[in-house]
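The values are calculated or read from the model by the stated rules, or taken from the named source; none is laboratory data. Note that this is a predicted model, so its numbers are computed, not measured. Reconstructed Cβ throughout: ideal geometry from the backbone, glycine too, with neighbour counts over all protein chains shown. Note: areas computed on protein heavy atoms with side chains; ligands, DNA, RNA excluded. Shrake-Rupley method; radii C 1.70, N 1.55, O 1.52, S 1.80 Å.
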Amino acid sequence: MRNGLAAELISVALLLAVLAFAVVRPKKLPEAVAAVPAAGIVLLLGLASPSAVGARVLQLLPTVAFLAAILVLAHLADTEGVFDWLGSRLALAAQGSSRRLLVLTFAAAAGTTAVLSLDATVVLLTPVVFATATALRLRAKPHVYACTHLANSASTLLPVSNLTNLLAFGATGLSFLSFTGLMVLPWLVSIGIELAVFWRFFSTDLSNTATEETTRPARRAAPRFALVVLGAVLVGFGLTSLVGLAPVWIAAAGAVVLAVRGVRRKTVRVKAVAAETSPLFLLFVLGLAVVVEAVADHGLGRVLAEVVPRSPGLLGLLAAAGLAALLANLVNNLPATLVLLPALGAHPAAGIVLAVLLGVNIGPNLSYVGSLATLLWRRILAGRGMVPTVHEFVRLGVFTVPAALVGSAVALWLGLLVAGSTG
């Protein structure tokens, strides 16, 4: 069943079924429960050739390994008290001002996302920010919304900030530092636009201030060892491209250092550390990639190859970012990235690849299904008695996403001009 309408319909149906399962997660079953069987069906029905599937899986293994390492690193940093310390610093620096806390939350979320990936911002920083705002008796809504928005839009800075970046990094042909250099201005512009919109959108929620009794939170000692390790990891990421070393080894080294320290101090257990690699989620990523391979082979890939822009001029960058954002909100940003990359051709212009990343990273702020991290954020808040409404989430996205996409794409175009790069 390599060709024909039936193959196209089955491939799309499998993808939609996997994504629907990931969104709903009946009985809190892991996403891999749907993705792995769906991948098996793809192979069984011949919707994708075993050689193509094998090549895709081998291509993804370094990315999946990095994801496992960064998840462990973020967990161990949390065990060391990094996020509790960060929460105490936010509370002290806010001085009872909701608006000041929002600015500080933006800075914390942007930094956490860039260095430890968007998952750390959603899973580890969001609860801390919620608890900080609650302890200060401030309305938590603007600050927790900032966590999910910046988990997506602030994940454009480094190749390691998002799984989508890791998937596309090789296609750019850029070094780690060159990638970061081109993305720093779009990163700053999108964050600035988000902050301006939040300031207006949540003006009522931001109008209250904390009482005097709550403006004196306890001061926590800085987890210096963990902060030094994280700083070394960040520097190591920048040096990897100079020595030809994959970023996964730097992330793994940082995780090993913190794990050894934790085991010796009996604050972590080896079994618990292994569990933080989230093996079932990694299987989900691989299974989803196989299903997307089938979809790309049967219609969608061909259509995208015909419509995706090729020129890294301003209009091309805007169109590529817009197309990627649209696709991310239709099928989720991870499948969107997997299907867009082959459509760009064997040697795409680096600027077009970066514009696609702007779209798949910023675009998901428009809907819940755009990013798995957003779905996880919603579950975390629901567990704390705060359930964001679809209407409010989409309404905020309507004000932030188009403006941030246009602003960041223009900033990328200016960066490419300054760098003298047309590719």
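Net charge around VAL228, counting only other residues with Cβ within less than 15 Å of its Cβ (Lys, Arg = +1; Asp, Glu = -1)? Before the final figure, lay out each step's value.
Details: positive: ARG224, ARG261; negative: GLU80.
With Lys, Arg at +1 and Asp, Glu at -1, the net is +1.
Amide hydrogen proximity for GLU276: with H placed 1.01 Å from N in the peptide plane, no residue at 5 or more positions away or on another chain lies under 5 Å. For the stretch 162-173, backbone phi angles converted through the Karplus equation (6.51, -1.76, 1.60; θ = phi - 60°) give residue-by-residue couplings of 8, 4, 4, 4, 4, 5, 9, 4, x, 5, 6, x Hz, Gly and Pro being listed as x.
Once you wrap a convex hull around the alpha carbon atoms of the stretch 212-351, what is its projected area averaged over all directions, in nm²?
Values: hull surface 58.5 nm².
Taking a quarter of the hull surface, the average projection is 14.6 nm².
When the charge dipole of the chain is built from unit charges on Cβ atoms (+1 for Lys and Arg, -1 for Asp and Glu) and taken about the Cα centre, the candidate among VAL24, ALA74, ALA324 whose Cα reaches farthest toward its positive end is ALA74. Calculated from DSSP H runs of 4 or more alone, at -39500 (n - 2.57) each and per residue, what is the 222 nm mean residue ellipticity of the chain, nearest 500? Roughly -24500 deg cm²/dmol at 222 nm, from the helical runs in the chain.
For the stretch 98-105, 3J(HN,Hα) computed residue by residue from phi via the Karplus equation (6.51, -1.76, 1.60; θ = phi - 60°) reads 5, 5, 5, 5, 5, 4, 5, 5 Hz, glycine and proline entered as x.
Taking amide hydrogens as placed 1.01 Å from N in the peptide plane, the amide H of VAL160 sits under 5 Å from that of no residue at least 5 positions away in sequence or on another chain. Farthest towards the positive end of the charge dipole of the chain, among the residues THR134, ILE380, ALA346, is the Cα of THR134, using unit charges on the Cβ of Lys, Arg, Asp and Glu. This model, with +1 at the C-beta of Lys and Arg and -1 at the C-beta of Asp and Glu, gives the chain a dipole about its Cα centre of some 1160 debye.
Rounded to the nearest 20 debye, the dipole size of the stretch 226-302 about its Cα centre is 600 debye, using +1 on the Cβ of Lys and Arg and -1 on the Cβ of Asp and Glu. Quick check on the stretch 177-280: take the gyration tensor over C-alpha atoms, sort the square-rooted eigenvalues as a ≥ b ≥ c, and tell me if it's rounded (a/c under 1.5), prolate or oblate. Verdict is oblate for the stretch 177-280. Just how far, in whole angstrom, is the stretch 3-22 from the stretch 391-414 if you go by their alpha carbon centroids? Result: 30 Å between the Cα centres. Remark: the chain is approximated by an ellipsoid whose semi-axes, taken from the C-alpha gyration tensor as √(5λ), come to 34, 24, 22 Å, largest first.
A protection proxy built from the mean count of other Cβ atoms within 10 Å ranks the segments 147-157, 63-73, 170-180, most packed first, as 147-157, 63-73, 170-180.
Mind ordering 17-25, 402-410, 377-385 by average Cβ neighbours within 10 Å, highest first?
Values: 17-25: 17.6, 402-410: 22.2, 377-385: 15.4.
The most tightly packed comes first, giving 402-410, 17-25, 377-385.
Axis angle, to the nearest 10 degrees, between helix 32-44 and the longest C-alpha principal axis of the chain: 10 degrees.
Probe of 1.4 angstrom, ligands and nucleic acids ignored: what's the accessible area per residue over the chain, in square angstrom?
Details: 17380 Å² over 423 residues.
Counting only protein heavy atoms, the per-residue value for the chain is 41 Å².
Report the calculated FRET efficiency for LEU242 and SER203 (r = Cβ-Cβ distance, R0 = 60 Å), to the nearest 0.05. Once rounded, the FRET efficiency stands at 0.80. The local environment of ALA259, defined by Cβ-Cβ distances under 14 Å, has a net charge of +3 under the rule Lys, Arg +1 and Asp, Glu -1. Rounded to the nearest Hz, the phi-derived 3J(HN,Hα) couplings of the stretch 282-292 under the Karplus curve 6.51 cos²θ - 1.76 cosθ + 1.60 (θ = phi - 60°) are 5, 5, 4, 4, 5, x, 4, 4, 5, 5, 5, where x marks glycine and proline. Helix 50-79 and the longest principal axis of the Cα set of the chain meet at an angle near 0°.
Report the net charge of residues surrounding ALA171, where surrounding means a beta-carbon distance below 15 angstrom and charges are Lys +1, Arg +1, Asp -1, Glu -1. Intermediate values should be presented prior to the final figure.
Details: positive: ARG56, ARG310; negative: none.
Net charge around ALA171: +2.
Each of GLY170, VAL12, GLY244 was placed along the dipole of the chain (beta-carbon charges, centred on the mean Cα), and the one lying farthest toward the positive end is GLY244. Where q = 0.10, 0.11 Å⁻¹, what log10 of I(q)/I(0) comes from the Debye formula for the stretch 62-189, counting one point per Cα? Each listed q maps to, in turn, -0.32, -0.39. Computed from Cα atoms alone, the Kirkwood hydrodynamic radius reported for the stretch 1-151 is 18.3 Å.
Among 412-419, 199-206, 80-87, what's the highest-first ranking by average C-beta atoms within 10 angstrom per residue? Intermediate results must be reported in sequence, preceding the final value.
Details: 412-419: 17.2, 199-206: 15.2, 80-87: 21.4.
Going by the mean number of other Cβ atoms within 10 Å, highest first, we get 80-87, 412-419, 199-206.
Helix 82-94 versus the longest principal axis of the chain: what angle, 0 to 90°, nearest 10, using Cα atoms? Tilt of helix 82-94: around 60 degrees. Centre-to-centre, using Cα atoms only, the stretch 216-282 and the stretch 149-209 are separated by 22 Å.
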